[in-house]
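Down below is the structure, laid out as structure tokens.
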Amino acid sequence: MSTDRMPVDGPFRIYVDPLPTGATLDLSHYLTAVLLNLAAAAEEDGEGLLSELVHIAECARQAANQGPDSHAAHERDERVADLLTEVADDGKVPVYGVQVLRLADRLMSLRALKSLPAPRRGGEAA
């Protein structure tokens, strides 16, 4: 596969595709690993994991009503961070060595394409 679309091939593949106004980062390989870790956690202690997820949902609902600086919002954020630490390496996707440059080059190339002026449609004023 071309390094244009997949500038990062490990430990998690990252695909980059153009959008009319930017780019998408396809992190599905990483998210698959996260879901597999969640499944393993559920197999180990399904009731505990479900209870934690339900509590996070309750905190999120309360935070939506009480505001972003509420106790519920802080508790939600703390519990989500703890779960991310457990199943997703804190939610961080590592990119190593030359792959950092390939990712940056790919994103810059898509940005450069977006910098070109859009073609004018017939009859539009300048």
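If you take all other residues with their beta carbon under 13 Å from the beta carbon of ILE56, and give Lys and Arg +1 and Asp and Glu -1, the sum is -4. Computed from the C-beta positions of VAL98 and LEU38, the FRET efficiency with R₀ = 41 Å rounds to 0.85. Pairs of Cα atoms nearer than 8 Å and 6+ residues apart set the relative contact order; for the range 1-76 it is 14 percent. For P(r) over Cα pairs in 10 Å bins from 0, in percent, the listed values are (i) 12, 43, 30, 14, 1; (ii) 11, 26, 24, 23, 12, 3, 0; (iii) 13, 43, 33, 11, 1; which was obtained by calculation from the structure presented? Checking each listed value against the structure points to (ii).
Between LEU50 and LEU107, the modelled labels are 4.0 nm apart [label points 7 Å from Cα along Cα→Cβ]. Using only side-chain charges placed at the Cβ, +1 for Lys and Arg and -1 for Asp and Glu, the dipole size of the chain relative to its Cα centre rounds to 1200 debye.
Here, each number is a calculation from the coordinates, and none is a lab measurement. What you see is a predicted model; the values in this text were computed from it and never measured. Ideal geometry is used to build each Cβ from the backbone, glycine not excepted, and the neighbour counts take in all protein chains shown.
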